[in-house]
Every structure is written in C-alpha cells, then in structure tokens.
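Asks: One structure coming up, written as structure tokens, with questions to follow.
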Amino acid sequence: MPDQVTNYKCPACGGPLHFDPESQKLKCDFCGSVFEPAEISEQYSEANAAAAAAGTQLSESNDVMQWSKEEAAHMRAYSCPSCGAQLICDDNTAATSCPYCGNPTVVPAQFDGALRPDYIIPFKLKKEEAVNKLKSFYKGKPLLPRAFSENNHIEEIKGVYVPFWLYDGAAATDLSYHGTRVHTHTTRDEIITTTEHFQIERKGTVRFKMVPADASSKMPDELMDAIEPFDYHDLVPFDMSYLPGYLADKYDVSSEEDAKRADTRMKNSAIAEISATVSGYTSVMPETEHVHIVPERVHYAFLPVWMLSTKWKDEIHIFAMNGQTGKFIGDLPVDYGRFWLWFFIITAFLAAILYIMLFVVMG
Ligand SMILES: [Zn+2]
Ligand SMILES: [Zn+2]
C-alpha cells in the first residue's frame with residue numbers, strides 16, 4: 001500500500017520541518033534552515049497527490065482492529081514514512097506528528113477535492129506566548145499549576161488548526177416597536193404629565209461577510225466563540241505546508257448543520273444594529289421581529305488555536321488562545337472536553353501497543 005501520509009522533511013538534512021509563526025516560514029528542527037511554504041509545497045505536490053489517492057481507509061494488517069470495536073470504527077492507522085511505526089489517529093485527523101520519531105505528518109486525503117479548505121490563517125503566535133498568557137492568567141492565584149511553570153510539558157499544549165465554516169449572508173428585517181415619550185410640566189397648582197405613543201417601523205437588510213462557526217465536534221463551541229474575532233486580513237489560500245508541527249482535523253460538522261449557529265448570530269446582530277437606530281423615546285418595547293436570513297456563500301477555513309489543559313485541585317481545566325490575536329479564554333468548568341478525550345484515548349492506545357510490542361519482544 002502506498003503511503004497515505006506525508007512527512008515534511010528538510011530538503012537540506014532530512015530533519016523534521018515545522019511552520020514557524022515568527023518567520024512565517026518552514027524551519028528545520030535540526031539544521032535551522034528556513035524555506036518558503038510555497039517552495040516546500042511544490043516539492044511535495046507529487047507525494048501529496050499520491051497520498052491523497054491512497055485515501056484514509058484502514059490497511060488490512062491493522063492492529064487497531066484488535067481493540068474495542070466501537071473505538072476502532074473511529075480510528076485510522078497510518079504507517080509513518082520516516083520510521084515505519086504505526087500512527088494511530090481518529091478518522092478526522094488531517095495533521096499530527098509521529099509519536100515515535102517526532103516527524104510532522106499530514107494526511108493529504110483529508111484535503112482532497114471538496115474537502116479542500118478555501119483559506120487558512122497561519123499561526124502568528126508561538127507556544128511560549130500561550131504559556132505566558134496562562135501564567136499571567138494564574139498570576140496572584142496561589143497555585144500556579146506546576147505543569148505550566150516549565151515550558152517543556154508539550155503534551156498539555158497543542159497548536160490546532162480548527163476547521164471553521166465562514167458564512168456570507170443577508171438578514172432581511174421587518175421590525176416594529178412601541179415607543180413612548182413622556183413630558184411633564186408644572187403649572188401653579190398642577191403637574192401635568194403627557195404621554196405620547198408611537199408606532200415605530202424599521203425595514204432593512206443587513207449584510208454579513210464570513211460569520212464563523214467552528215466545524216469540529218471536538219471543540220467546545222462556547223470556547224471557540226469566545227476566542228473570536230479573527231482578523232481576516234491574514235486569510236491566505238489554503239496550503240498544506242502551513243500545517244507541519246500542528247494538529248488539524250477536517251470538519252465533522254456539516255456546513256448545513258452549523259448554519260443554524262451562524263443564522264442565529266446574524267439574526268441577533270441584525271436586530272441589535274437596527275434597534276440601535278430607534279432613539280429619542282422614553283421607552284421602547286419591541287412588538288414584532290421578523291428576520292429572514294438569506295444564505296449566500298460558505299467558505300471553509302482553518303484557523304489557528306492553542307489548546308491548553310491542566311489538572312488543578314483534581315479538576316481538569318481547559319483554556320484556549322487565539323493563535324493569531326492572542327485572545328485568551330480559560331478556566332471553563334468543562335470536564336475533559338472531546339478534544340482532550342480523544343487525545344488521551346489515542347495516547348492510551350499507543351501505550352497499549354507499546355506494551356504488546358514489548359511483550360512480543362520479551363516473549
Ligand atoms: Zn535541516
Ligand atoms: Zn515516525
């Protein structure tokens with residue numbers, strides 16, 4: 001079976017390449033050489049096309065099948081082109097790194113045809129910046145989690161390209177309000193209060209460009225909404241060479257399904273925007289709010305997020321940092337979250353496989 005995955009390696013020395021947010025180039029972990037993403041992209045175009053054609057189906061000699069049927073149905077195993085070890089991923093994994101040799105690995109079939117994203121915002125901020133944000137978050141709090149006081153605990157900090165749908169659309173609104181104006185004036189022996197009543201009508205269309213909704217069921221929606229906004233000036237056409245060194249999943253929430261979230265946001269912001277034009281009244285009560293969302297284009301984009309997790313006072317806390325702007329959100333009272341759950345399931349599988357391998361060697 002041909003390789004289903006591609007390792008991005010340094011053309012100079014064969015070392016692992018990763019996308020460096022500082023230089024916006026691919027950098028070799030070993031010799032420090034730097035390369036333009038476009039240059040590496042060209043060198044890998046053939047290998048990626050062949051890997052995409054090989055698909056993501058399970059190969060027959062698949063150890064994963066010996067594990068729990070339910071979990072195995074969502075697992076994929078690829079062999080690492082660099083060291084030959086089996087890479088265990090879930091069925092949405094699009095970029096990861098080999099846990100044995102550390103080589104960044106991309107699964108080109110996850111970007112094939114209709115699965116190809118339109119855009120990506122490459123990471124702008126490094127892991128250290130996420131660590132610093134977490135430290136300042138905990139500043140003044142007595143127990144800084146030890147795991148984060150040292151920068152080498154990489155298993156709890158992951159750079160993830162999260163799949164997002166970006167919706168264009170228009171909200172056709174027809175709103176009415178009941179408004180009042182109250183005046184009082186005082187004569188010699190009376191206070192006279194006059195209340196005027198108004199029927200206020202507003203009709204109009206509010207247009208929206210690229211309203212985001214994350215397309216990964218693993219990512220807590222509230223966390224992804226909270227790290228917005230992303231600055232779309234940095235959107236560039238998608239290219240796989242921005243991925244090495246990060247995790248990425250293809251979407252598993254369809255654009256139709258996610259559209260409900262975007263529609264609600266468009267509806268609420270259209271109402272807010274239009275009702276802001278109703279002013280000069282003593283009181284305003286909404287009467288009818290008809291909003292019709294007219295969907296337009298949907299774009300598929302990968303946006304950069306640092307995910308952090310820590311155990312503190314026996315509870316798991318998760319944090320996220322916008323990998324472009326540095327907006328940091330944390331300490332949500334979420335238990336594992338699906339992202340970390342998958343991460344730990346896969347780690348457990350790897351440990352079990354290692355154990356079996358050792359057992360075979362020993363036996
Ligand atoms: Zn090198
Ligand atoms: Zn490997």
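The values are calculated or read from the model by the stated rules, or taken from the named source; none is laboratory data. Every value quoted in this text rests on a predicted model; they were computed, and no experiment measured them. We place every Cβ from the backbone using ideal geometry, glycine too, and count neighbours over all the protein chains shown. These accessible areas exclude ligands, DNA and RNA; they are computed on the full protein's heavy atoms, side chains included. Shrake-Rupley method; radii C 1.70, N 1.55, O 1.52, S 1.80 Å.
Quick grid of which residues meet (1) of a type in the set (F, W, Y); (2) modelled with pLDDT of 95 or more; (3) surrounded by 15 or more Cβ atoms within 10 Å (Cβ to Cβ):
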residue	(1), (2), (3)
R146	no, no, no
E156	no, no, yes
D168	no, yes, yes
H183	no, no, no
D189	no, no, no
E196	no, no, no
K203	no, no, no
K218	no, no, yes
P237	no, yes, no
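Asks: Within the range 1-47, which residues are acidic (D, E), within 16 Å of ligand 2 (Cβ to nearest atom) and within 23 Å of K158 (Cα to Cα)?
Replies: Result: D29, single match.
Asks: Taking K27 and the conditions (1) over 17 Å from Y246 (Cβ atoms); (2) touching a strand residue (DSSP E or B) at 6+ places or on another chain (Cβ under 9 Å), which numbered condition does it fall short on, given that it satisfies the others?
Replies: (1)
Asks: Please go through the range 179-220 and pick out each residue that is under 30 Å from H233 (Cα atoms) and in a strand (DSSP E or B).
Replies: Result: G204, T205, V206, R207, F208, K209, M210, V211, P212, A213, D214.
Asks: Related question: Do we find that P104 is within 16 Å of ligand 1 (Cβ to nearest atom) and buried (at least 17 other Cβ atoms within 10 Å of the Cβ) in this structure?
Replies: Answer is yes for this residue.
Asks: Next question, about the same structure. Go through Y281, Y246 for me and flag whichever is open to solvent by 40 Å² or more (accessible area, probe 1.4 Å), among the aromatic types (F, W, Y) and assigned by TED's automatic domain parsing to the domain that holds Y177.
Replies: Y281
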